[in-house]
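**Q** Mind looking over this structure? Questions follow.
Read-outs: derived from the displayed coordinates by stated rules, not from any lab. Treat the numbers as computed from the prediction; the structure is a model and nothing was measured. In this analysis, Cβ positions are derived from the backbone assuming ideal geometry, glycine residues included, and neighbour counts consider all displayed protein chains.
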Amino acid sequence: MAKFGILVHYDFCTGCQTCAVACQQEHDFPVGKCGVKVTEYVYEAEKKPVAIDYLPFFTELCDLCMRRYKNGEEPACVKHCQSFCMQFGKLDELVTDMESKSRSVLFTPR
Ligand code: SF4
Ligand code: SF4
């Protein structure tokens, strides 16, 4: 079982894509490849948009930036998130934090 993960409080995600840019630069991924993709969800009422949610989705390319972790640094996406809505840490601690946060998702790698 994975020991680490990333908790995303997506209620505060603005869809700015900075996490994806930071990930691509950190790993030098080619265009179209990334460890995180930000998905937009548009809610409509009477065919008009009434709300939008953004949700960062981690892909199979995400390695939790373990090279950075060994150097005492946060994952690139977490460090550069504009709204501080991403949190890296030990799974048990993140699960505890999640209990007090609404609209959150927890990512764990394979
Ligand atoms: S943890 Fe690292 S590899 Fe995973 S999405 Fe964030 S920047 Fe990319
Ligand atoms: S950097 Fe943060 S606020 Fe911006 S899209 Fe990524 S998770 Fe959302």
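**Q** Determine the calculated [θ] at 222 nm for the chain from helices alone, applying -39500 (n - 2.57) to every DSSP H run no shorter than 4 residues and normalising by the residue count; nearest 500 deg cm²/dmol.
**A** -6500 deg cm²/dmol
**Q** Something else about it: Using the Karplus curve 6.51 cos²θ - 1.76 cosθ + 1.60 with θ = phi - 60°, work out ³J(HN,Hα) for each residue of region 86-92 in order, rounded to whole Hz, and write x for Gly and Pro.
**A** After applying 6.51 cos²θ - 1.76 cosθ + 1.60, I find 10, 9, 9, x, 6, 4, 5 Hz.
**Q** Choose one answer from GLU46, GLU74, GLU99: the residue with the largest mean-square fluctuation in a GNM of the chain with alpha-carbon springs under 10 Å.
**A** Result for the chain, Cα springs under 10 Å: GLU46 fluctuates most.
**Q** What is the Cα radius of gyration of the chain over 2.2 N^0.38 Å, N being its residue count?
**A** 1.11
**Q** Then there is this: Could you tell me the relative contact order of the chain? Use alpha-carbon pairs under 8 Å, at least six residues apart, and round to a whole percent.
**A** The normalised contact order for the chain reaches 43 percent.
**Q** Among the lysines in the chain, how many pairs, 8 or more places apart or on different chains, have alpha carbons under 17 Å apart?
**A** Counting lysine pairs in the chain gives 7.
**Q** Oh, and also: Would you tally the net charge around TYR10, using a Cβ to Cβ cut-off of less than 12 Å, leaving TYR10 out, and scoring K and R as +1, D and E as -1?
**A** Overall, the nearby charge balance is -1.
**Q** Using the Karplus curve 6.51 cos²θ - 1.76 cosθ + 1.60 with θ = phi - 60°, what ³J(HN,Hα) values do you get for each residue of region 35-45, in whole Hz, with x for Gly and Pro?
**A** x, 8, 10, 9, 9, 9, 10, 9, 9, 10, 9
**Q** While we're on this one: If you put +1 on each Lys and Arg Cβ and -1 on each Asp and Glu Cβ, how big is the dipole of the chain around its Cα centre, in Debye rounded to 20?
**A** 220 debye
**Q** Only sites in a loop by DSSP and with at most 12 other Cβ atoms within 10 Å count here; which chymotrypsin sites (Phe, Trp or Tyr not before Pro) in region 62-110 make the cut?
**A** When the chymotrypsin sites (Phe, Trp or Tyr not before Pro) of region 62-110 are filtered for loop state and at most 12 Cβ neighbours within 10 Å, PHE84 remain.
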